[in-house]
1. Which one, 405, 125, 31, projects farthest toward the positive side of the charge dipole computed for the chain from Cβ point charges (K/R +1, D/E -1)?
2. Can you run the Rg to Rh ratio on segment 357-407? Use alpha carbon positions and the Kirkwood inverse-distance Rh.
3. Rank the residues 455, 92, 397 as a footprinting-exposure proxy: fewest other Cβ atoms within 10 Å of their Cβ go first.
4. For a bin width of 10 Å, list the pair-distance distribution of segment 223-308 built from all Cα-Cα distances, rounded to whole %.
5. What does the net charge come to around residue 248 if you take all other residues with beta carbon closer than 14 Å to its beta carbon, with K and R at +1 and D and E at -1?
6. Please report the relative contact order for the chain, taking Cα pairs under 8 Å with a sequence separation of at least 6, and give it as a percent rounded to a whole number.
7. Seen from all sides and averaged, what is the projected area of the convex hull of the Cα atoms in the chain, in nm²?
8. Where in the chain are the DSSP H helices whose C-alpha atoms run 20 Å or more along the long axis and whose mean Kyte hydropathy is at least -0.5?
Amino acid sequence: MSIRIRLTLGYVGVLTAILIVFSAVVYTSLSFSLLRAVDRTLQDRAAQVGSVIAAQNDPLTVLRTGLIDLPALDVFSTPAAYIQVVRGDGSVARRSQNLGDQRLPLDADLLAVNLRNQPALKTLVLENGVRLRMVSVPISVAGQVVGAVQVGQPLTDLDAALKRVLVLLMVGTLVTIIAAGGVGLLMSWLSLRPIDRITQTAGRIVRAQDLGRRLPVPTTDDEVGRLVSTFNAMLERLDRLFQAQQRLGADVSHELRTPLTTIRGNVDLLRRGAATDPTELALALEAIEGEVDRMNRLVADLLLLAQAEADMKLEKQPVELDTLILQVYRQAQLMSATHFPIGERVSIHLGHEDQAVVEGDPDRIKQLLLNLIDNALKYTPPGGQITISLYRDQDWVRVSVEDTGVGIPSDVLPHIFDRFYRAQRKGRKGVGLGLSIARWIAEAHNGRLTVESQVGQGTTFTLWLPT
Ligand code: ADP
C-alpha cells in the first residue's frame, strides 16, 4: 500500500472516530436533557393535582365521587399532557378531558413504587408503538396510600426531533468523511509528488549510468529540498570517486606499460645475441634493473595511497625533527651523488636550524621530505642548490626544502598535488605520485604542505606541522 493511501486512510480513520464519538455525545446529551424537561413538566403537573386533592377536607370522599377540580391544561406549555386520578383499586376517579373515553395504562411497576408512598417515572411503549412518558404520584391519607395522580405525555415530538438530529449527524459525518478523504488524498498527492519526481530522475540516472546528472533542486527549503540537496551531494561524491577510480586504473596501466615495454625490448635484444656482447649485456641489464626499480616504486606508492584512502591511522610518537632532518640531509647528499656525475652535482645545504619536537610518524615524515628532495634534485639543473631549513614558531614547526631549479609555472601549480600529474613529462622519470603522497602525509599529521615557485628561479616547498 502506498504512503499516500496509508496517510489518507489513517487521517480519515482518526476523523471518523472523532466524529462518531462527537455525534454520540451530542445525541445522548440532547435526548437526556429533552427527557428531563418533559419529566419536570409532568412532575409539576402531578404535584399541582395532588395538592388540589390534599387541600380537600375529605380526600377519600373526593376520590370516591371523582369530583376533582383538575387544573386547566396549558396547551401551549404541555401540548399533549394527559391527567388521570386513580383510586387504590386501580379504578379511574377522574381524567382530563383530552383523554375522552381512553385511560392511561395501569402499569404494575409504577403502582408498586406508589404503594411504597413514592413517586414513580417510566416510559411505556403503547401498542401502536408510541412511547409514553408517565409520572405517577401517590395520594396518601394519614400515611395510607389511597390513590395516585398520573400524568402522561407521548414522546412522539421528542422522538421525531431526536430522529432528525440523528439523521443530520449521520449524514454530516458521512459527508465530512468523504470530503476529508478526497482532500486528504489530494494533499498527500501534492506533497508526495516531488518525491515521485526524485524517484523517476534517480531511476533515469541509474538506467543511464550517468552519475554526472543532478536532480533539480526545488526552491523551497523543506524536507524535500533537503533530501534533493543531500542526494545531489551524494551523487557528486560518487561521481568523483568513480572518476578517480577510472583515472587511477588508466594511469596505473599506462605507467606500467612503459617499463614493461622497455623490459620486453631489452629481453628481445638479449635473445637476439646482445647477451654475448658484454657491453650490450650490461646496458640491457641496467635498463631492465632501472625499470624494475621504477615499477617497485610505483607499486610501493600505490600501496601507500591505498592505505591513505582506507583512512589508515599513523603510528605517532614524539619526533625530534632536527635529528630527523640531519638524517634526511645525509641521505640527500647520497642521492645527489648517485644522480649526478662529479662536477655537475647539485649541492645540498642545511639552512636555519631550530630545535623542535612534534608528534608524528618519523618514517612517514622522512619519506615526505625525501620525496621533496627527490623532486628538487630532478628539477634543478647541475650546479644548483638545495637548502633544507627548520623553523619553530609558537604554533607551527616549518620545514622548507628550497631549490634553485626550473620552477613551476603558476597555471601548473594548482595541479601538482594531483595524482599522476606531471608537468615535465620529458627528462627524469617520475610517476606523478610523489607530491600527492607528501600532501597526504602532511594532512595525516594535521599539518599542510605549501609551495611557492618562480619559473627559472626556483621552488620552495614548506611542510607545516602543529607543535
Ligand atoms: P613526479 O613523479 O613527476 O615528480 P610529483 O607528484 O612528485 O610527481 O610532482 C608533480 C609535478 O610537480 C612534477 O611533474 C613537476 O612538474 C612538479 N614539481 C614538483 N617538484 C618540483 C620542483 N622542485 N621544481 C619544479 N617542479 C616541480
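1. Checked the options; the winner is 125.
2. Computed over Cα atoms, the ratio is 1.04.
3. Final ranking by Cβ density, sparse to dense: 455, 92, 397.
4. Spelled out per bin, shortest first, that is 15, 28, 20, 16, 10, 6, 4, 1.
5. With Lys, Arg at +1 and Asp, Glu at -1, the neighbours total -2.
6. Contact order relative to length: 9 percent.
7. If you wrap the Cα atoms of the chain in a convex hull and average its projections, you get 48.3 nm².
8. 3-54, 156-208, 223-271, 278-309, 321-339, 362-378
Every number here is computed from the coordinates shown, using simple stated rules; none is lab data. Since the model is a prediction, treat every value here as computed from it, not as a measurement. Please note: Cβ atoms are built from the backbone with ideal geometry, for glycine as well, and neighbour counts cover all protein chains shown.
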